[in-house]
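This report refers to the structure that appears directly beneath it.
Just so it is clear, none of the values below were taken in a lab; they were calculated from the coordinates. Note that the coordinates shown come from a computational prediction; the quantities given were computed from them, not determined experimentally. Quick reminder, even Gly has a Cβ in these numbers, built from the backbone with ideal geometry, and neighbours come from all protein chains shown.
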Amino acid sequence: MGKLKVSIRGLELKNPVMTASGTFGYGEEFADFFDLSRLGGFVVKGTTLNHREGNPYPRMVETPSGMLNAVGLQNHGVDYFINNIYPRIKHIDTQIVVNVSGSTVADYVAVCEKLNDVENVNAVEINISCPNVKQGGMAFGTTCTGAETVVSAVRAAYHKTIIVKLSPNVTDITEIAKAVEAVGADAVSLTNTFLGMAINVETRKPYLSTITGGLSGACIRPIAVRMVWQTAHAVNIPVIGLGGIMNGRDAIEFLLAGASAIQVGTANFIDPTVTIKIIEYINDYMLRHNIDDVNDLIGGML
């Protein structure tokens with residue numbers, strides 16, 4: 001095998017393949033399908049300070065080449081994660097990243113402070129880009145000032161790797177990326193879902209209870225690749241690429257565009273073993289192209 005290790009500002013990954021928050025549960029849900037330690041890392045579902053019920057049903061609908069979701073960050077809160085879920089997954093020999101969301105800056109800080117001492121969680125992914133909540137979330141990620149405020153406060157409170165998940169629902173994603181880099185982000189991940197909606201033409205009502213939701217899946221990939229390419233040229237910190245990665249070829253495309261690692265999201269719902277197939281594809285691609293180190297692929301578009 002070629003050398004697959006990559007580094008996200010001190011977060012060492014055995015390979016560049018991770019899973020995206022909200023599509024992989026807490027990892028343990030997929031343990032029957034493959035050995036989770038084969039992953040570069042996995043990002044647990046969005047975690048907030050307190051218990052959240054999420055949005056009312058219906059909150060998911062299929063679309064051509066993708067899906068809309070409006071789950072709304074349903075979770076039991078950070079204390080429940082630390083006391084009940086973490087003990088069940090801490091033994092997994094891969095990087096565990098906690099996706100953190102909040103309604104206020106203080107919420108983000110409080111969650112990250114609690115995660116500081118969780119031994120086998122070496123990074124947080126600060127979600128300032130969720131389009132499915134009425135407060136916080138995307139509201140922080142659509143302006144440089146909002147993004148800076150959250151990330152600078154978290155940087156002062158959290159002592160491990162900080163990844164910031166960016167929203168594509170902005171005029172210029174590179175400006176947001178540069179803003180969070182300036183206040184201490186170790187990496188950025190992009191893109192989160194695009195704001196969309198779908199209407200049932202027979203009932204003339206929206207499919208989602210929230211009317212709008214986050215669009216993901218293969219349909220968004222070309223836009224996500226473009227945004228990763230732009231951002232990788234605008235910042236000096238690693239970029240983690242995601243958005244419509246369905247197979248190994250898609251993952252290679254993101255690496256060539258400048259992503260140091262990738263996250264697989266919607267594809268997990270179709271094939272729970274897709275991430276392993278992607279790792280194997282990357283290795284086979286490197287062999288076919290006489291590439292010894294996956295880092296030589298990063299930003300390698302000619």
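Side notes on the structure shown:
- Dipole in debye (nearest 20) - the chain, about Cα centre, beta carbon charges: Lys, Arg +1; Asp, Glu -1: 420 debye
- Hits among aspartates and glutamates - C-alpha to C-alpha of residue 277 under 15 Å, sequence gap 8 or more where chains match: 35, 250
- Residue (of 36, 208, 84) at the positive-pole extreme of the chain, dipole from beta-carbon charges: 208
- Checking every one of the GluC sites (Glu not before Pro) in region 26-117 against DSSP loop status and a limit of 13 other Cβ atoms within 10 Å picks out 53.
- Here the relative contact order of region 6-296, from alpha carbon pairs under 8 Å that lie six or more residues apart, stands at 20 percent.
- Around residue 186: net Lys/Arg minus Asp/Glu count, Cβ-Cβ under 14 Å: +1
- In the structure shown, the pairs 5/114; 3/178; 178/205 are assessed against 32 Å; a Cα-Cα span above that value is assigned to 178/205.
- Label point distance in nm, residue 293-residue 104, each placed 7 Å from Cα along Cα→Cβ: 4.7 nm
- Measuring against 19 Å, Cα to Cα, the residue pairs 90/165; 45/165; 45/90 contain 90/165 as the ones spanning a longer distance.
- Pairwise centroid distance, computed over Cα atoms, of region 215-234 with region 235-302, Å: 13 Å
- In region 6-296, taking the dipole from charged Cβ atoms about the Cα centre, the farthest positive-side position among 61, 174, 7 is held by 61.
- Shape class for region 18-112: oblate, because the ratio a/c of the largest to smallest gyration tensor axis (alpha-carbon atoms, square roots of eigenvalues) is 1.5 or more and b/c is at least a/b.
- The label point for residue 233 and the one for residue 9, both projected 7 Å from the Cα toward the Cβ, are 2.2 nm apart.
- For region 206-302: rounded, prolate or oblate by the Cα gyration tensor [a/c cutoff 1.5]: oblate
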